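These notes are about the structure you will find just below.
The values are calculated or read from the model by the stated rules, or taken from the named source; none is laboratory data. Every value quoted in this text rests on a predicted model; they were computed, and no experiment measured them. Counting neighbours? That spans all protein chains shown, and the Cβs are built from the backbone with ideal geometry, glycine included.
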Amino acid sequence: MTAKELEQLILAPGERELILSSLERDQLAGLKKREIPRRHLKGPELLVLWSLRIYLLFMLAVVLYQVLHGAH
Amino acid sequence: MPEAPTPWDSPRNGASSAADVVITHEDVDRGHDRVKVSAARAKGGIFSQARLLWLLLGPGVLVMLGENDGPSMLSYAATGAQFGIGFFLPFVVLTFGMAIIVQEMTVRLGSATHRGHAELIFERFGPFWGWFSLVDLGVGNFLTLITEFIAIRAGLGFFGVPPWAGVLCALVLLYSALLTHRYWTWERITLAIAAGNLVFVPVALLAHPDWHAVGHAFGTWKPLPGGLTQGFLIILLADIGATVTPWMLFFQQSATVDKGLTRKDIRFGRIDTVLGAILATAAAVATMLVTSLLFTHHMSAENFQAAEFAQALRPLIGRVGASLFALGIVEAGMVACVTISTSSAYAFGEVARRPHSLNLPIGQGRAFYSVLYLCAAVAAAIVLIPGLPLVYVVLLVNVIAVLAMPPALVFLYLLVNDREIMGDLVSPGWANALATLVVVLLTGAGVLFGVSVIAPHFFALLAGK
């Protein structure tokens with residue numbers, strides 16, 4: 001069953017207009033497939049993101065050590 | 001009266017015209033909800049405003065009370081039992097202030113873009129960073145979900161319910177709420193369960209706290225028994241992790257989108273968030289007040305689970321108080337099971353580009369519901385493994401949440417300041433300053449914890465002991 005056929009099963013007369021008038025354009029599930037343009041991160045942003053990534057990995061290693069230490 | 005129609009005849013970005021648009025089941029349900037909102041907004045007067053608030057509140061209260069989950073309540077309980085009434089009372093209020101700052105941004109993002117958090121990160125910054133944040137979320141959510149079932153199992157254990165029966169009851173309740181296939185109904189059921197978090201308030205009254213000491217603690221942030229130790233830092237991190245975690249960002253933004261909030265609703269989204277934070281703070285502070293009785297009676301509670309807390313409190317607050325305390329822990333775990341597994345399912349659906357809404361019938365949202373059901377079922381099964389070090393897992397989950405928060409917050413910061421997607425709803429300077437402060441505080445707390453693990457005597461040396 002296609003989406004169009006499904007739609008005909010669900011909607012009562014006048015309901016389509018009601019739904020379209022009550023929702024903003026981007027709220028419709030079908031239109032969300034349109035992608036938002038990609039933004040390329042700049043130097044300082046990448047630096048912060050990589051620093052935090054390394055911080056997270058390092059801290060997870062610390063937590064793992066703490067768990068193993070606690071287990072003993 | 002519905003709001004003014006969208007200008008369908010002037011499609012932007014190559015989107016279809018009104019006649020070509022396929023309306024899904026999800027759109028129909030959301031559209032009907034929005035008609036009610038428009039009707040309430042069109043009428044003037046205080047009753048219409050109250051109705052509007054009733055219709056629009058949900059994601060904020062749910063995320064805040066959802067974050068008052070099993071491990072969080074146990075962290076607050078451990079805080080009260082180990083440190084009594086003092087530094088941590090105002091500190092916990094401060095952490096909820098941080099949560100408001102952070103969560104308000106997700107309301108704006110969701111209302112302005114109608115996209116979930118995971119979806120925005122993937123589309124705006126590409127799959128490389130998208131996968132990083134999704135893995136952080138997935139791992140954190142799964143570990144947290146395990147701890148929710150631990151809390152449910154432990155809380156029901158107080159009433160003599162066998163672990164398998166407690167876990168099964170929780171799964172049945174979780175799945176029942178989803179059977180409605182309607183966001184609105186799901187939200188109201190979950191809100192009703194979440195209101196149970198306030199059970200800690202009457203329990204605190206039964207504990208007859210020393211109000212003078214409470215006032216003194218809020219005024220001076222003192223006393224802090226024991227000073228700066230590793231135990232203090234673990235509790236500090238656990239309490240921060242009890243109020244600000246990555247899943248909250250993903251959940252509130254996705255729920256805001258699923259509920260259908262728009263730019264016009266942001267004011268109510270903020271009220272919803274602040275109201276949720278006030279209710280959650282009340283429950284958190286109440287829990288600490290109750291278990292501070294254990295501190296004043298010099299009872300060691302370092303390895304307590306929910307049932308042990310309730311049993312230890314029984315001679316001090318009576319059977320009714322102890323039973324309510326245990327029930328509160330069960331409720332906390334239950335609500336978080338619902339919200340955290342939903343947050344995982346939303347994120348999966350957004351990234352995998354599968355339909356992801358609680359308005360979907362099972363047939364149209366198979367992938368979404370499968371993730372939700374599976375996450376919960378596997379976490380529940382793990383809890384039943386005998387000999388698992390449950391108490392330690394509970395505290396560590398909150399610590400891991402704090403460590404994963406700064407990277408998640410930087411993405412939030414970048415998105416909410418992105419004029420191309422936010423337009424005039426970008427964050428003002430003061431909000432950015434506060435968000436930066438939150439990132440610095442969280443990172444600093446994490447670094448302190450790391451130092452305390454690597455060099456356990458560092459703080460003692462610093463204090464000249």
*Give just the number: which of (1) touching a helix residue (DSSP H, G or I) at 6+ places or on another chain (Cβ under 8 Å); (2) surrounded by fewer than 18 Cβ atoms within 10 Å (Cβ to Cβ); (3) at pLDDT 85 or above does A:TYR65 not satisfy?*
(3)
*Filtering segment A:35-72 down to residues that are within 9 Å of another protein chain (Cβ to nearest Cβ) and closer than 12 Å to B:PRO406 by Cβ, which residue is farthest from the chain's Cα centre (by Cα)?*
A:MET59
*Within segment B:295-317, is there a residue that is assigned to a helix (DSSP H, G or I), surrounded by 24 or more Cβ atoms within 10 Å (Cβ to Cβ) and of a type in the set (Ser, Thr, Tyr)?*
no
*Is it the case that some residue within segment B:250-259 is assigned to a helix (DSSP H, G or I) and surrounded by fewer than 24 Cβ atoms within 10 Å (Cβ to Cβ)?*
no
_Against the condition at pLDDT 85 or above and farther than 30 Å from B:GLU420 by Cα, how does A:ALA71 come out, does it pass?_
no
*Mind counting the residues in segment B:217-234 that are more than 12 Å from B:GLY84 (Cα to Cα), within 29 Å of the chain's Cα centre (by Cα) and not aromatic (Phe, Trp, Tyr)?*
8
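Residues checked against (1) in contact (Cβ under 8 Å) with a residue 24 or more places away in the chain; (2) closer than 16 Å to B:VAL139 by Cα; (3) over 17 Å from the mean Cα position of the chain (by Cα):
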| site | (1), (2), (3) |
| --- | --- |
| B:SER370 | no, no, yes |
| B:ALA380 | yes, yes, yes |
| B:VAL393 | yes, yes, yes |
| B:ALA401 | yes, yes, no |
| B:ALA404 | yes, yes, no |
| B:ALA408 | yes, yes, no |
| B:ASP418 | yes, no, yes |
| B:GLY423 | yes, no, yes |
| B:VAL426 | no, no, yes |
*Looking only at segment B:260-291, count how many residues are part of a helix (DSSP H, G or I) and within 14 Å of chain A (Cβ to nearest Cβ).*
4
_Based on this model, can you work out whether B:TRP186 counts as in contact (Cβ under 8 Å) with a residue 40 or more places away in the chain and either of a type in the set (S, T, N, Q) or under 23 Å from B:GLY66 (Cα atoms) (or both)?_
yes
_I'd like to verify a number: residues in segment B:379-403 that are at pLDDT below 85 and assigned to a helix (DSSP H, G or I), how many?_
14
